[in-house]
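Readers should treat all values here as calculations from the given coordinates under stated rules, not as data from a laboratory. Computed from a predicted model, the values in this text were never measured in an experiment. Neighbour counts are summed over all protein chains in view; Cβ atoms, including those assigned to glycine, are modelled from backbone coordinates with ideal geometry.
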Amino acid sequence: MPRVLFQNPCKLGIQTKSFYGLVWQSQYENAKISLFGFEVTTVFKTKIMLQKQYTKLLNTPILNRQTGEEVGEIYDLIIDPDTGKIEAFWVKQGLLSGAEKVLSINDVTEWKLRLYIDDNDSIVNPNEILKIQKILKKEIHLYLHKVKTLSGSKLGRAIDLFLDSMSGQILQIQVAKNFFGFKYSKRLVRFSEIYEINKNAIVLKNDYKYTPLKIKEVLDLKVEEVPSN
């Protein structure tokens, strides 16, 4: 197995690519490795998704950045259906406990493969944040919500959401129909194509634009955490 000799390799450059709004970076770094007794200079390529995928966010550890202590994990997201933006996270603390407390996205100091906060007291009861109370009263959960057009054409359900990691805004929803566990008619729809979101469904404009989903190679990109400079 090759062994990296330098822990802080030299960054050679970053290449940014996109596919229908999904953006990722390829970061190239130069480092020396020891291979069968010989020192070899090589280039490492790290792919970093700049968007977060809902189904891969669940169970993400939440750490205190000051102490390194794990204080919980993401159980679910609280998204404002009017804006399509993450406002908070349901936090699970302990193996046997459910998610009874929330963490406002405003209290997140860093978001990579893990969520980082500075103060454990940021994790509070949902009734302590008025905005969260109002969202929860709407009783709208976007994941697996029905999707249809304004004219009533049924398109399936939202089987995944793609979110901007900086703003928490939904960028696209992945829609598919389901037949006994087999998903078909997959498509990727921009959030801007949504007419409204109500308790019954996510309603798209009649003339909405979409991309047939044949991008497994993009969705399955390997994501690695890169230390801050």
Gyration tensor verdict on region 50-143 (Cα atoms; rounded if a/c is under 1.5, prolate if a/b is larger than b/c, oblate otherwise): prolate
Inter-probe distance in nm under a simple model that places probes 7 Å from Cα toward Cβ, at LYS205 and ARG114: 4.3 nm
Total formal charge among the other residues, if their Cβ is under 11 angstrom from that of GLN93, Lys/Arg +1 and Asp/Glu -1: -1
FRET efficiency for GLN133 and THR67, using Cβ-Cβ distance with R0 set to 30 Å, rounded to 0.05: 0.50
For region 52-137, share of DSSP beta bridges that run antiparallel, in % to the nearest 5: 85 percent
Loop-located GluC sites (Glu not before Pro) in region 60-111, at most 11 other Cβ atoms within 10 Å (DSSP): GLU69
Set of region 63-86 residues, backbone N closer than 19 Å to the point 7 Å along the Cα-Cβ line of GLN93: 63-78
Under 10 Å, Cβ to Cβ, from ASN125 - net charge with Lys/Arg +1 and Asp/Glu -1: -1
Relative contact order (%) - criterion: Cα under 8 Å, at least six apart; region: region 146-219: 27 percent
Global geometry of region 146-219, whether rounded, prolate or oblate, following the gyration tensor of its Cα atoms and the 1.5 cut on a/c: oblate
